[in-house]
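Asker: Starting off with a structure, shown below.
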Amino acid sequence: MNFNIGNKIIYLGDSEENAIAKITWEDLGNGIINVNHTIVDESLQGQGIAGKLFDRLISYAKENNLKIKATCSYVVKKLETGKYKDIQAL
C-alpha cells in the first residue's frame, strides 16, 4: 500500500482533499508534532489501514527527527503500549 505525504498529512487517495484514509497532525514547534486525527473510510475499515497509516507516521517522524504527541484517541492508545518511547514527546 502506497501512502502519500502532504502538508501535515499522510493519506491514501488521489489528493489530500479526497483522501479515503488519513492521519493528520499539527506542528507544535521544536521538532514536536501533535497527531490529531486518524480517519479511515467505512469501506476500508477492518483491513488494518489505520495501523498502516500509524506505521508510516512513525517512519516519517523518525526520518524527520520528530517527536510525537497525540490528541487522536487511536494514536494515544498506540503510544501507550510503550513501544514508541524513542519518538514520543513528553
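Asker: Can you tally the net charge around N65? Count Lys and Arg as +1, Asp and Glu as -1, for every other residue whose Cβ sits under 14 Å from the Cβ of N65.
Answerer: Around N65, the charge tally is -1.
Asker: Can you tell me what share of the DSSP beta bridges in the chain is antiparallel? A percent to the nearest 5 is fine.
Answerer: On the way: 15 of 20 bridges.
Bridges in the chain that DSSP calls antiparallel: roughly 75 percent.
Asker: Moving to a separate point now. Can you give the percent of C-alpha pairs in the chain whose distance is more than 21 Å? Let's see the in-between values first.
Answerer: Details: 958 of 4005 pairs.
Taking all Cα-Cα pairs of the chain, the fraction more than 21 Å apart is 24 percent.
Asker: Also, quick follow-up: 222 nm [θ] for the chain, helices only, -39500 (n - 2.57) per DSSP H run of 4+, per residue, to 500? Write down the numbers at each step before the final one.
Answerer: On the way: 2 runs with 22 residues, N = 90.
Per the formula, -7500 deg cm²/dmol.
Asker: Using Cα atoms only, what is the angle between the long axis of helix 49-63 and the major principal axis of the chain, expressed in degrees (0 to 90) to the nearest 10?
Answerer: In the chain, helix 49-63 runs at an angle near 40 degrees to the longest axis.
Bear in mind that the values in this text are calculations on the coordinates, not laboratory data. Here the structure is a predicted model, which is why all the values come from computation and not from measurement. All Cβ positions, glycine included, derive from the backbone under ideal geometry; neighbour counts span all protein chains shown.
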